[in-house]
Amino acid sequence: MLPFLLIIIFIFREDLDYIFMERFLLLIRNKYLIAGIAFVVWMCFFDRYDISTQYSYYKEESKLQSEKEYYESETVRIEKAIVDVQQNQTEIQRIARERYKMKKDNEDVYVIQRVSPKN
């Protein structure tokens, strides 16, 4: 069957080329196809919301989502620290000593800082 089809295609090759070319020209002359292709090209490359703009919006959205998650976790951590400070007197002393370098009347505080060696 396949050799028979190949022979027929070989014999009518010129006629088939003419038919395909005619169909191709009819397709190109179709005003709806041209309008559709022009619309798709316009929407993909020249519109205000083209593909590159959508991609940059998507990247910005994902960046903002990660920042939102970070700040939500920080809010939870800070709220927990506030509750600890309100309920625990030793926590208040620890924060005062570490952050504000406060001390009691009868003690001395030594602040040790690390110095990086120079080459």
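Data table
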item: Residue-normalised accessible area of the chain, expressed per residue, 1.4 Å probe, Å²; result: 102 Å²
item: Choice from 64, 33, 25 showing the highest fluctuation, given a GNM over the chain with Cα pairs closer than 10 Å; result: 25
item: Computed E for residue 19/residue 39 - FRET, C-beta separation, R0 41 angstrom, nearest 0.05; result: 0.90
item: Under 11 Å, Cβ to Cβ, from residue 96 - net charge with Lys/Arg +1 and Asp/Glu -1; result: +4
item: Ratio of the Cα radius of gyration of the chain to 2.2 N^0.38 Å, where N counts its residues; result: 2.79
item: The chain: calculated mean residue ellipticity at 222 nm from DSSP helix runs of at least 4, using -39500 (n - 2.57); result: -24500 deg cm²/dmol
item: Size of electric dipole in the chain: Cβ of Lys, Arg +1 and of Asp, Glu -1, about Cα centre, debye, nearest 20; result: 480 debye
item: For residue 50, residues with placed amide H under 5 Å, excluding near neighbours; result: none
item: Cα-based Rg and Dmax for the stretch 39-105, where Dmax is the largest Cα-Cα distance (Å); result: 24.2, 80
item: Dipole magnitude of the stretch 47-99 about its Cα centre (Cβ charges: Lys, Arg +1; Asp, Glu -1), debye to nearest 20; result: 300 debye
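The values are calculated or read from the model by the stated rules, or taken from the named source; none is laboratory data. Every value quoted in this text rests on a predicted model; they were computed, and no experiment measured them. In this analysis, Cβ positions are derived from the backbone assuming ideal geometry, glycine residues included, and neighbour counts consider all displayed protein chains. We work out accessible area using only protein heavy atoms, side chains counted, and drop any ligands, DNA or RNA first. Shrake-Rupley method; radii C 1.70, N 1.55, O 1.52, S 1.80 Å.
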